[in-house]
Amino acid sequence: MIALGGVRSGLFSTDDALAGALQQAGDAAFDLCWRMPLDDEYGEGLKTNFADMANVAGRPGGAITAAKFLQRFASKYPWAHLDIAGTAWKGGAAKGSTGRPVGLLVQYLMAQANGAARPAKAKAVKAAKSARTTTRRKATA
């Protein structure tokens, strides 16, 4: 991502809890990301005369248009897209892969395994399942 350079990966998500959890994981892993906009106007770049939509909007706002493309398919679910174009590779004398965003993703998954920083929807589902289990236990007791 040109706008953020090699310091932060771009983070796109329509789910505030998921985005927050990913940002916290990135901060903890020193694998930083920055939340980017998903304004409806960026979806204009998906319009085409040849198909329902096309991910060919060009370079200006290209990362956002790509995220808008994903949003069309994932809108029913909590989702996030990390744009790592600027952080995954280094050039010059240090040329090669940086390994990013592996640290961020591992930290996020470890937090999920420990029950911390779960998206609100996942917490609600878990709470509902727990309530059903408690109700069943009381009914059989």
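None of the figures in this text is laboratory data; all of them are computed from the coordinates on show. In this text the structure is predicted, and so the values were computed from the model without any measurement. Heads up, the Cβs are rebuilt from the backbone with ideal geometry, glycines too, and the neighbour counts pull from every protein chain shown.
What order do you get for Tyr77, Tyr42, Tyr108 when you list them from fewest to most C-beta neighbours inside 10 Å?
Details: Tyr77 10, Tyr42 20, Tyr108 23.
Fewest-to-most ranking of Tyr77, Tyr42, Tyr108: Tyr77, Tyr42, Tyr108.
The ranking of Phe50, Phe73 by Cβ neighbour count inside 10 Å, starting from the fewest, reads Phe50, Phe73.
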